[in-house]
1. Wholly within segment 104-173, which strands (runs of 3 or more DSSP E) include no fewer than the required count, namely at least 1 residues that are β-branched (Val, Ile, Thr)?
2. Give me the residue from segment 89-112 that is surrounded by 14 or more Cβ atoms within 10 Å (Cβ to Cβ) and at pLDDT 70 or above and, out of that set, farthest from residue 23 (Cα to Cα).
3. Could you check how many residues of segment 104-148 are farther than 25 Å from residue 33 by Cβ and not polar (S, T, N, Q)?
4. Contact list please: Cβ distance under 6 Å, first residue in segment 153-180 and free of Cβ contacts under 8 Å to residues at least 60 places away in the same chain, second residue surrounded by 13 or more Cβ atoms within 10 Å (Cβ to Cβ) and outside any strand (DSSP E or B), pairs at least six apart or on different chains.
5. Taking interchain pairs and intrachain pairs at least six residues apart, which have beta carbon atoms under 6 angstrom, with the first residue in segment 125-151 and without any contact (Cβ under 8 Å) to a residue 12 or more places away in the chain and the second aliphatic (A, V, I, L, M) and in a loop (DSSP other than H, G, I, E, B)?
6. For segment 3-40, which positions are of a type in the set (D, E, K, R) and in contact with a helix residue (DSSP H, G or I) (Cβ under 7 Å, 6 or more places away or on another chain)?
7. Output the qualifying pairs, or none if there are none: Cβ atoms under 8 angstrom, residues six or more apart or on different chains, first residue in segment 42-66 and more than 14 Å from residue 165 (Cα to Cα) and without any contact (Cβ under 8 Å) to a residue 12 or more places away in the chain, second residue of a type in the set (Gly, Ala, Ser) and assigned to a loop (DSSP other than H, G, I, E, B).
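The values are calculated or read from the model by the stated rules, or taken from the named source; none is laboratory data. Nothing here was measured: the structure is a model prediction, and the numbers come from that model. Glycine also receives a Cβ, built like all others from the backbone with ideal geometry; neighbour counts cover every protein chain displayed.
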Amino acid sequence: MDRRIDETGVFFPGEGARIQKVIDDYIAENKNSGVICLSEKCDDILMWSHYTNRHQGICIGFSRTDADPCGDDERCEPVTYSSQYPKIDFGNLLFDQSGKVTNLMMRYKFNQWSYEKEWRMITDRGNVKCPHPGKITKVIFGKNTPADYQAEVRKAAVQYRPSFYKISLLNGSFSLNVDPVG
């Protein structure tokens, strides 16, 4: 049994203050953390519906090489999908500062979301602009992206020399095409 708690699960005298300090330190260390959410898919109608304001937004494609942050397997990992919550040992969260518990909490999602094929990259820069997770290789415009917004995006992306595409509906179905555009 853990020597910090008695047989009933109550912390021994003096442990409460130490545990509160560990919690406060953990919060302070992770206060500025951020998560970049990425996907293997760019042609899923549900994702375009959920995340692009009725197909008016864009999807940005990034390279994933050893030289890119999103190519770092320690930082960028696929989400685990499950019908069960992850089993989290909060004792490890408090006393083992390896980051494994935080990693588990940040990369778990209900299995109904598995169609997203999501990857998450944990960063030490939350709520601020951060570097791209890889080289921008493509920009995909939604089927309803306004022309003026497309022009702004093209102008901003010119330095990266990406390929440009536009989403279209496949006739008679809910499938999407990713069509090259000049």
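1. Correct list: 118-123, 136-141, 163-169.
2. This residue is 109.
3. 10
4. Close Cβ pairs satisfying both conditions: 168/143.
5. none
6. 4
7. Sorted first by the residue in segment 42-66, then by its partner, the pairs are 51/57.
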